[in-house]
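What follows is one structure encoded as structure tokens, with my remarks underneath.
The values are calculated or read from the model by the stated rules, or taken from the named source; none is laboratory data. Values in this document were obtained by computation on a predicted structure and should not be read as measured data. Every residue, glycine as well, gets a Cβ built from its backbone with ideal geometry; the counts of neighbours run over all protein chains shown.
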Ligand code: GLY
Ligand code: MN
Ligand code: MN
């Protein structure tokens, strides 16, 4: 059996067992529907139901459905309208076709007739996807049983995610080259898209393309058309998508000249810390420990670089590192950039708490083989948080003149996509993709 067939058979088994445990006889999954701006006929970008693309590499297919029943092939009700305003989904092709029972419809409402099954139905989908007699009920118990194991990827999924890293890596280098040539954020963004072979529509999340102080805005959402008078630093958080699976990659750059020497020292220290954190991704490790390890490493860097003259322990006790690294170390990655289930203690839906004082951590699980996580430590000079630090007792231990000089560079984040292995060190899909260039 090839990896896609194995993936499907694992999903089928998982679904049958989850249905039996919850007392359901069949599962329907809606691909989703297009949504429109208020009082307008402009559609928002279609976002498929992740449960649907878990089974099928179909991401631009609104109004389609999956019917899953124990002992039956998946039934795909495939919506292919006769539409001359838009390009409809192409005729079904690809490996998935031979693994399913395929029904093609040209009117969305015709799906209902093909979604009938005896007994109790679980229906996963957004409320707006409802058809006559087919109303999503999204049973929590069933969703928990499906969400918990989704953290561990099949070999098929890992292949898509490796390809998503391979697609993004050359685009990151094109973006870096554009920065080095003095381009604006908007120009860098376009260089990235061209090299990735993506348009904005294809990205797994909006690119973060930041120059100078903008690097201190964690989710900086604009791309300035203006070239800055002086382009000191560049942070790019940008991924790619392959068959509905995401990569999520961040790099930080400077021109590496005398003007950036202090910041470059920080950048080199963060690079070492990030690689050490990646190496902590091992089966049985609690991800919360990696997050706390990040804070200890950041404290050591702040001390070593002379930014904060306090011991690691004192910085942690007074929460100084949270000023400079105010987000989580990473998250689950897969069909969604922030993949579902990061806080689940088990498949019952019980939650694992975040460590006290770390409200933005998105992953509190113990690592298992096949899990894909990001490792993305950062160190930023964020004016609003620095004001808090100035007002705290720790202020006396901060070299504020140095902070001011470094603030012009905004900040650093370095992010890789990492697979936990059954034994030994992790697979770093992102570094592997860069190394292959
Ligand atoms: N690109 C969003 C994140 O890194 O979580
Ligand atoms: Mn991320
Ligand atoms: Mn990211």
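Below is a table of values for the structure above.
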item	result
Exclusive hit being under 32 Å from the mean Cα position of the chain (by Cα) and either exposed (fewer than 15 other Cβ atoms within 10 Å of the Cβ) or within 16 Å of ligand 3 (Cβ to nearest atom) (or both), set 408, 413, 421	413
Test result for residue 388, farther than 30 Å from residue 54 by Cα, at pLDDT 95 or above, in contact with a helix residue (DSSP H, G or I) (Cβ under 8 Å, 6 or more places away or on another chain) and more than 16 Å from ligand 1 (Cβ to nearest atom)	yes
Any hit, the stretch 365-374, residues being farther than 18 Å from residue 280 by Cβ and either away from ligand 3 (no atom under 16 Å from the Cβ) or in a strand (DSSP E or B) (or both)	no
Filter result for the condition that a residue is away from ligand 2 (no atom under 16 Å from the Cβ) and surrounded by 14 or more Cβ atoms within 10 Å (Cβ to Cβ), over 332, 385, 363, 379	385
Number of the exception - residue 326 against (1) under 24 Å from residue 144 (Cα atoms); (2) within 16 Å of ligand 2 (Cβ to nearest atom); (3) part of a loop (DSSP other than H, G, I, E, B); (4) in contact with a helix residue (DSSP H, G or I) (Cβ under 7 Å, 6 or more places away or on another chain)	(1)
Counted residues, the stretch 199-236 - those being buried (at least 24 other Cβ atoms within 10 Å of the Cβ), out of contact with any helix residue (DSSP H, G or I) (no Cβ under 6 Å at 6 or more places or on another chain) and part of a strand (DSSP E or B)	1
Residue among 406, 379, 386, 361 that alone is in contact (Cβ under 8 Å) with a residue 40 or more places away in the chain and in a strand (DSSP E or B)	379
Residue list for the stretch 18-75, restricted to those being under 24 Å from the mean Cα position of the chain (by Cα), crowded, with 20+ Cβ neighbours inside 10 Å and part of a strand (DSSP E or B)	29, 30
Filter result for residue 173 (within 16 Å of ligand 1 (Cβ to nearest atom), within 30 Å of residue 153 (Cα to Cα) and in contact (Cβ under 8 Å) with a residue 12 or more places away in the chain)	no
Close pairs (7 angstrom Cβ cut-off, 6 or more residues apart or separate chains): under 22 Å from residue 339 (Cα atoms) and modelled with pLDDT of 95 or more in the stretch 199-221, near ligand 1 (Cβ under 10 Å from one of its atoms) and in a helix (DSSP H, G or I) anywhere	none
In the stretch 95-112, the residues that are in contact with a strand residue (DSSP E or B) (Cβ under 9 Å, 6 or more places away or on another chain), over 15 Å from residue 62 (Cα atoms) and not in a strand (DSSP E or B)	96, 97, 100
